[in-house]
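The values are calculated or read from the model by the stated rules, or taken from the named source; none is laboratory data. Because the structure is predicted, anything quoted here is derived from the model rather than measured. Neighbour counts are summed over all protein chains in view; Cβ atoms, including those assigned to glycine, are modelled from backbone coordinates with ideal geometry. Accessible surface is based on the protein model in full, side chains and every heavy atom, while ligands, DNA and RNA are left aside. Shrake-Rupley method; radii C 1.70, N 1.55, O 1.52, S 1.80 Å.
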Amino acid sequence: MLCEMPSEEARRKFTDWFKKNYPQEYYFFHKIESNLDKLYSTKHLGLHEGEFAEIAINVQKREGGKYHLAADPFTSIFLGSICKTMMDEFANNIESIASDRVQKEFENRFSIKCLNCKIVNLTHSKYCNMCGSELLSN
Ligand SMILES: [Zn+2]
């Protein structure tokens, strides 16, 4: 079955809409796409310029009631790459998430910010270590 693929203009319009309305989903789409680019670049798959390859998964019931996931090479690479991209993103972000948390915890519980110079002082300080302003503890 031949299906009409979107024109370059339609694709760009959609991308703008996607980016604007679903920035997080777009971010992941873009990540996955750029990771796939490297994998699909292999000569092994042999897609020519301008050609399309459909991504499709079939489920097959085999003898003995076992189910088999039947996917072509493009789909198999796609599925593997989605999972790897998510794991990479998670691993890359976990460190910054953790350090943000530590920072917030520090600011909330162990410190008091000077309203004048914004420097963080130890809790229970009466005066700012930097500018000498009186600190209002809560
Ligand atoms: Zn101060």
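Structure summary
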| item | result |
| --- | --- |
| Relative contact order of the stretch 72-138, defined on C-alpha pairs under 8 angstrom at six or more residues apart (%) | 17 percent |
| For the chain, fraction of C-alpha pairs farther apart than 25 Å, in % | 59 percent |
| Percent carbon-and-sulfur accessible area, the chain, ignoring ligands, DNA and RNA, probe 1.4 Å | 56 percent |
| Within the chain, helix-based [θ] at 222 nm, where runs of 4 or more DSSP H residues each add -39,500 (n - 2.57), nearest 500 | -17500 deg cm²/dmol |
| Chymotrypsin sites (Phe, Trp or Tyr not before Pro), loop per DSSP, at most 11 other Cβ atoms within 10 Å - longest free stretch of the chain | 53-109 |
| Per residue value of the accessible surface for the chain (all protein chains in place, 1.4 Å probe), Å² | 87 Å² |
| Test item: Cα-centred dipole of the chain, Lys/Arg +1 and Asp/Glu -1 on Cβ, debye | 600 debye |
| Part-to-part distance (alpha-carbon centres) for the stretch 33-67 and the stretch 85-117, which is given in Å | 40 Å |
| Exposed-loop-free span, longest in the chain, where GluC sites (Glu not before Pro) count as exposed if DSSP calls them loop and at most 14 other C-beta atoms lie within 10 Å | 55-138 |
| Distance in nm between pseudo-label sites at R101 and I55 (7 Å out along the Cβ direction from Cα) | 3.1 nm |
| FRET efficiency, 1/(1 + (r/R0)^6) with R0 35 Å, evaluated for L136 and Y26 via beta carbons | 0.20 |
| Relative contact order (%) - criterion: Cα under 8 Å, at least six apart; region: the chain | 12 percent |
| Neighbour count of at most 15 Cβ within 10 Å plus DSSP loop: longest trypsin sites (Lys or Arg not before Pro)-free window in the chain | 1-61 |
| In the chain, lysine pairs with alpha-carbon atoms under 28 angstrom apart (chain gap of 8 or more, or interchain) | 19 |
